[in-house]
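The values are calculated or read from the model by the stated rules, or taken from the named source; none is laboratory data. Remember, it's a predicted structure, so these values are computed and weren't measured experimentally. No Cβ is skipped: glycine too gets one built from the backbone with ideal geometry, and neighbour counts run over all protein chains shown. When the accessible area is computed, the model is the full protein with side chains, heavy atoms only, and any ligands, DNA or RNA have been set aside. Shrake-Rupley method; radii C 1.70, N 1.55, O 1.52, S 1.80 Å.
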Amino acid sequence: MDKVTCGTQTTKKIKNPFKIKIKVNKKRLKKALWVLSIVMVGYLLFLGTQYLVRSVRKPQPASPVITRPTITTRSPKVTQATQVAQPATLSRKKPVSAVTAQVPPPAPIKLIRPSIVIVIDDIGAHNKLRGEMERLGNKVTYAILPLLPYSRFFSELATRKNAEAILHLPLDTTQDMIPGRGLIVSTMPREQALDMLSRDIASVPGIVGVNNHMGSRGTADREMMTLILEELHRRGLFFLDSYTTKDSVVPSVARQIGIPFLQRGVFLDNVDSPEAIRGQIRETEAVAKKQGYAIAIGHYRKNTLDVLFREIPRLEKKGFAIISLSRLLQSRRR
C-alpha cells in the first residue's frame, strides 16, 4: 500500500487486486478464428442445401379422412370406460357370406359312455385363482373374457395345460348393466361390431370357439347373431350358446349358416356355495345319463373350482367321461 499525506491526515492508497494480465498468442487466436469461420460457412451451406431440397420436393397428397357414423346413447348408465361405442344401427348392406372353415373337421367319433363338458366362465380379470385352475388340468374349458389384464395369460396357461380355450364374448343384455370390455350391442353399426369382434378374438389367442357372456338381448336378436355367427364360421370357430334366455335364436341361425354349435345344459353355481354346486353336479350327472352328454357352466370362483377338484375324480370313477367341447362336436357329426 502507498501512504498519501493530506494536511495533518494520512490516507492509504489501495491497489486494485482484480487487475489480471492475460497473455494472448496472436498466431493461435488467428488460427482458431479461421477454423471457426470455416465451420460456420459449412453449416450455412448445409442449411441452404436442405432448403433447396425441400422446395423442389413434391408435396404428398393429404390422406382421406375416414369418419365413423354418429352414434346416439341408448342407455343412460353407460358410463364405464369400455370399448363399446354408442349406437347407430346394424346395417344390412354387404352381408357376410358363410365361408367354410379352412381346416377340415376331424373325423367323427362315438361317445362310448356318458360324457360331461365343464366350462369355466368369466376368466381374465385377475389371476388370484391361477393355482386352482392349474390343478384342474385339461378337465375344464377356459372361457376367457376379452381385453382384460389376464386374458392372454390364461389363454397361454390353457395351452400349457392342454386345455381348450374359448372366447367369452360380452353381448347385449336385458339387465341394466354393461357386461364388460369388448361388448357388442345390436345398435352398433355393422363395421363397428365386426371390428370389435375382431379385437376381442385377437386378445385371446389360441381359441377354438366362442360362447356368450350374458347376452340375453343379444342372443335373441336374429340380425346380430347372424352377423356374429357368419364371421365366426368364416374364421373356423364354433359357438356355444350359454342359453341365458329361452328366446335365443342361436340354434336356428347356426343351422341356417352351417356353423357348429352347442347349447349349455346346466349352470353349476347360480348359488355360490359348495353344497349348492354339488347339487348342480348331481343334476349334470342326470342330464348326461339321459341324453348321453351334458354341458355344465361354472364360473371363475373359489368355491366352484374347489368343488370341481374334488368332484371330477368321483365322476370319472362312476364312469363319466370328462371331455372337451371339440370332442363333443366330433361325436355329433356322426
Any hit, the stretch 262-274, residues being assigned to a strand (DSSP E or B), in contact with a Phe, Trp or Tyr (Cβ under 6 Å, 6 or more places away or on another chain) and closer than 13 Å to Asn211 by Cα: yes
Residues located in the stretch 233-261, provided they are of a type in the set (Val, Ile, Thr), within 15 Å of Gly215 (Cα to Cα) and not in a loop (DSSP other than H, G, I, E, B): Val250
Hits in the stretch 290-309 - residues which are in contact with a helix residue (DSSP H, G or I) (Cβ under 9 Å, 6 or more places away or on another chain) and free of Cβ contacts under 8 Å to residues at least 40 places away in the same chain: Asn303, Val307
Residues within the stretch 195-217 that are without any contact (Cβ under 8 Å) to a residue 60 or more places away in the chain, farther than 26 Å from Val140 by Cα and open to solvent by less than 40 Å² (accessible area, probe 1.4 Å), tallied: 0
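Where residues in the stretch 319-334 are of a type outside the set (D, E, K, R) and open to solvent by 30 Å² or more (accessible area, probe 1.4 Å), which of them is farthest from Lys139 (Cα to Cα)?
Initial filter on the stretch 319-334 (of a type outside the set (D, E, K, R)): 319-326, 328-331.
Among the residues that remain, those that are also open to solvent by 30 Å² or more (accessible area, probe 1.4 Å) are: 324, 326, 330.
On the way: Ser324: 8, Ser326: 13, Gln330: 17 Å.
Going through the qualifying residues, I end up with Gln330.
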Sole exception among (1) modelled with pLDDT under 95; (2) open to solvent by 70 Å² or more (accessible area, probe 1.4 Å) for Val96, by number: (2)
Residue check for Ala158: under 18 Å from Arg130 (Cα atoms) and open to solvent by less than 10 Å² (accessible area, probe 1.4 Å): yes
Residue under evaluation Thr173, criteria (1) surrounded by fewer than 23 Cβ atoms within 10 Å (Cβ to Cβ); (2) touching a helix residue (DSSP H, G or I) at 6+ places or on another chain (Cβ under 8 Å); (3) modelled with pLDDT of 95 or more, criterion not met: (3)
